[in-house]
Number of protein chains: 2
Amino acid sequence: MIQIAILGLGTVGTGVAKVVAENASQIERKLGESLQLKTVLVRHFKDGPYRQLMTDDFSRIEEDDAVRVVVETIGGVEAAYEYTKRALNAGKHVVTANKQLVAEKGCELLALAKKRGVNYLFEASVGGGIPVLHPLTQCMAANRIDEIYGILNGTSNYILTRMVRSGAFFTDALREAQTRGYAEADPTADVDGIDAGRKICILADLAFGRQVDPAEVPMEGIRHLSLRDVRIAQRAGYRIKLLGRAVRLPGSGRTAYVAPHLIPEEHPLANVEDVFNAVVVRGNATGEVMFYGRGAGEMPTASACVADVMECLQASPRREEIGWEPDVQGFEDPRALRSRYYFRIEGSLTDAASAFGQVEVLSEDGETAFLTETLSGREAEERAGSLQVLSRMRVLG
Amino acid sequence: MIQIAILGLGTVGTGVAKVVAENASQIERKLGESLQLKTVLVRHFKDGPYRQLMTDDFSRIEEDDAVRVVVETIGGVEAAYEYTKRALNAGKHVVTANKQLVAEKGCELLALAKKRGVNYLFEASVGGGIPVLHPLTQCMAANRIDEIYGILNGTSNYILTRMVRSGAFFTDALREAQTRGYAEADPTADVDGIDAGRKICILADLAFGRQVDPAEVPMEGIRHLSLRDVRIAQRAGYRIKLLGRAVRLPGSGRTAYVAPHLIPEEHPLANVEDVFNAVVVRGNATGEVMFYGRGAGEMPTASACVADVMECLQASPRREEIGWEPDVQGFEDPRALRSRYYFRIEGSLTDAASAFGQVEVLSEDGETAFLTETLSGREAEERAGSLQVLSRMRVLG
């Protein structure tokens, strides 16, 4: 019998306890031993099925040699960072879904885990229950990964789906998402691209082998997205989706950003709707591979954590492929990347053409919406300098 | 430095040699050591970049202690089975893309590998370069897997795509696939559902933990698919796709089959076109997760083999999750499964209604095409007993 502890008993923590109980026979068959929840760290005791397991003293877990794996579901950096270090130093494996902690401190925590001969795993931090990080680091290990992009935030994808399908304004769609429990009272991290930004940092770290500092990654959300753009794009055969994107550049260069994009409707990502997530990984041997499913939610995220618990107990600690260098050098401004651009301007086609030359007009209805030829982000900015720009987005592909 | 041998130098074998050479630096970074191709087993020597490494004597590999991993790319059962057993008995890890061998003898070969303390891995046998088996067995290990279905054969999906897009007849679309190198001169295994059948057996073995005998799995291909059905389905908002499907049944029951299905056009599988594959896995915690990409081809398949080579060298041999019981009991006839059915009959709506009661008419143009209510495969057969059935397919979902 293998005993584990959970830190925090919110959505993910409760889900982990449920998965361990409900899928006990599957887990035992695959692990060769049963898995038992021994201790739950909480700030405030409360009644419920786990009352007997609760403690508010982390040292009870830290000093308990019977606890071999700690599942950290506190979230944020401070306490989670502290407890993770202490657990690893105590020779325990640590598993988490905490994308902020992994994006900011993952490199250091992985190095500490390696030093202590234990594992620090975080499959659930990207894509919830969708397997992404293991496939990327293991199954695609013989590839040079050149690019990763995807719909990484279910809340904003739900809002965008409402805007496309029912013609809802952003504010109404956000309220609906909040009513359904898909968005929090403070939706900042979701709708401003911060959550997606942390995830693309983790993907870039693993894919390119060097730390990407989240503070350097431009993150643009969907708060200022206009319903007009959604409609114009749709009529022209595109969907607007919030993408996180990371691209390998020559040498050890790399870039990453989060922003809304126009996506051709025949692209597999265009049909990823509601709270679903999808991640596309482009390897130099496999080409593009896509992983799709529910990117959040109690049970999917929890089941990914429990799989990581099992992986910790079965894997040898010398997994070189999970980990990256702390060196942040070589990160470049994503405006170096080339693509077509969508613009909507307060101005005429003549204005558009005088700035960009050949353009593809999508709409001339008081304003002018058009697609440019392929150019870099810097060129797009410079050429638009004299225009009254109402909105600007990259076109995928 | 770690040395490997390749058995066979066809498409996949050549690809493995290329991936090892072209992605040497990625592989070395992740493995912590370099990977070197030492020996290639061929039947007939021929000139080329690997001439110096060739042998036609397997014992040269078997007795070479420096060779730690053997990549079997011969295909089929006989020689491949023999060499795999000898390599495992010699204490070497074996990696393969050989779906026929894994579907028929995988259980025995995995048991032998475990006995010898080595690994037998075959990620490339399903989905080519798309990570499917590792995500299923590892990342979703904390789930009870209830169902797996997908587009598992790129050749037949290419043919179906041509029939939908250009209104080509099956025979013309097959010729086009052959011209483009997507179909072999003898296309039987691809268009008659045998290749997809082997893959769904492997998926079912891993998902449900017991051997599924390929001989028991009904495999229906697309050779007799009519262009009329393709068109009627399309006008009604469906796409026809060849699916492999495996379903968990109560107790230790399970079933699997391969057949063309009508798929609602909003389902993610409906938009999987050309030679692409996609596999949907339904876990009781994660819900539905989809894996999508190129299911075949030299470099994708080879890169999956090389990733397995790396996995062999890093994984501990006690991976309980890869493996299944030899017991074939509990496999049930898929006609037990319930779904809506599509029928096209030589007869009138009155004939259809008298056999099935309430039906949804799709076409009444000399013949009658309709969808039934949900019923089991057996009921569908029985009720249609008095009708002149021109075609019959399950409707997904």
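The values are calculated or read from the model by the stated rules, or taken from the named source; none is laboratory data. Quick caveat: nothing in here was measured; it's all calculated off a predicted structure. Cβ sites come from the backbone with ideal geometry, for glycine too, and all protein chains shown count toward neighbours.
Among the residues of the range A:274-285, which ones are modelled with pLDDT of 95 or more and either in a loop (DSSP other than H, G, I, E, B) or of a type in the set (D, E) (or both)?
A:N284, A:A285
Applying the selection to the range B:203-227, what residues are in contact with an Asp or Glu (Cβ under 7 Å, 6 or more places away or on another chain) and among the small types (G, A, S)?
Matches in the range B:203-227: B:G209, B:G221.
So B:T255 fits all but one of (1) more than 14 Å from chain A (Cβ to nearest Cβ); (2) more than 30 Å from B:Q329 (Cα to Cα); (3) touching a strand residue (DSSP E or B) at 6+ places or on another chain (Cβ under 6 Å); what number is the exception?
Of (1) more than 14 Å from chain A (Cβ to nearest Cβ); (2) more than 30 Å from B:Q329 (Cα to Cα); (3) touching a strand residue (DSSP E or B) at 6+ places or on another chain (Cβ under 6 Å), only one is false for B:T255: (2).
This table checks each residue for (1) within 26 Å of A:V258 (Cα to Cα); (2) touching a helix residue (DSSP H, G or I) at 6+ places or on another chain (Cβ under 8 Å); (3) facing another protein chain (nearest Cβ under 8 Å).
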site	(1), (2), (3)
A:L313	no, yes, no
A:G330	yes, no, no
A:L349	no, no, no
A:F356	yes, yes, no
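Is the range B:16-30 home to any residue that is touching a residue at least 60 places away in the same chain (Cβ under 8 Å) and surrounded by fewer than 19 Cβ atoms within 10 Å (Cβ to Cβ)?
Yes, because at least one residue in the range B:16-30 is touching a residue at least 60 places away in the same chain (Cβ under 8 Å) and surrounded by fewer than 19 Cβ atoms within 10 Å (Cβ to Cβ).
Rundown of residues vs (1) at pLDDT 95 or above; (2) over 18 Å from B:V230 (Cα atoms); (3) out of contact with any strand residue (DSSP E or B) (no Cβ under 9 Å at 6 or more places or on another chain); (4) surrounded by 18 or more Cβ atoms within 10 Å (Cβ to Cβ), yes/no style:
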residue	(1), (2), (3), (4)
B:E360	yes, no, no, no
B:G366	no, no, yes, no
B:T374	yes, yes, no, no
B:E379	yes, yes, no, no
B:Q388	yes, yes, no, no
B:R392	yes, no, no, yes
B:L396	yes, no, no, yes
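Do the conditions hold for A:E123, that is, is it of a type in the set (D, E, K, R) and more than 19 Å from A:F291 (Cβ to Cβ)? Spell out the reasoning first.
On the way: of a type in the set (D, E, K, R): yes; more than 19 Å from A:F291 (Cβ to Cβ): no.
No, not satisfied.
Looking only at the range B:229-273, how many residues end up being under 27 Å from B:A168 (Cα atoms) and outside any strand (DSSP E or B)?
18
Looking at the range A:253-273, which of its residues are modelled with pLDDT of 95 or more and polar (S, T, N, Q)?
A:T255
From (1) in contact (Cβ under 8 Å) with a residue 60 or more places away in the chain; (2) assigned to a strand (DSSP E or B), pick out the condition that doesn't hold for A:R340.
Result: A:R340 fails condition (1) only.
What pairs come out if I take residues in the range A:184-203 that are on the phi > 0 side of the Ramachandran plot and pair them with residues that are in a helix (DSSP H, G or I) and at pLDDT below 95 whose C-beta lies under 7 Å away, six or more apart or interchain?
No pair meets every condition.
Within the range A:287-310, take every residue that is modelled with pLDDT under 95 and outside any helix (DSSP H, G or I) and give me the one that is surrounded by the most Cβ atoms within 10 Å (Cβ to Cβ).
Checking each candidate, the answer is A:G295.
Has the range B:75-90 got any residue that is exposed (fewer than 13 other Cβ atoms within 10 Å of the Cβ) and hydrophobic (A, V, I, L, M, F, W, C)?
no
Take the residues of the range B:226-238 that are touching a Ser or Thr at 6+ places or on another chain (Cβ under 8 Å) and crowded, with 20+ Cβ neighbours inside 10 Å: which is farthest from B:E360 (Cα to Cα)?
This residue is B:D229.
Looking at this structure, is A:V281 over 23 Å from A:V71 (Cα atoms) and in contact with a Gly (Cβ under 6 Å, 6 or more places away or on another chain)?
No; evaluated as a whole, the condition is false for this residue.
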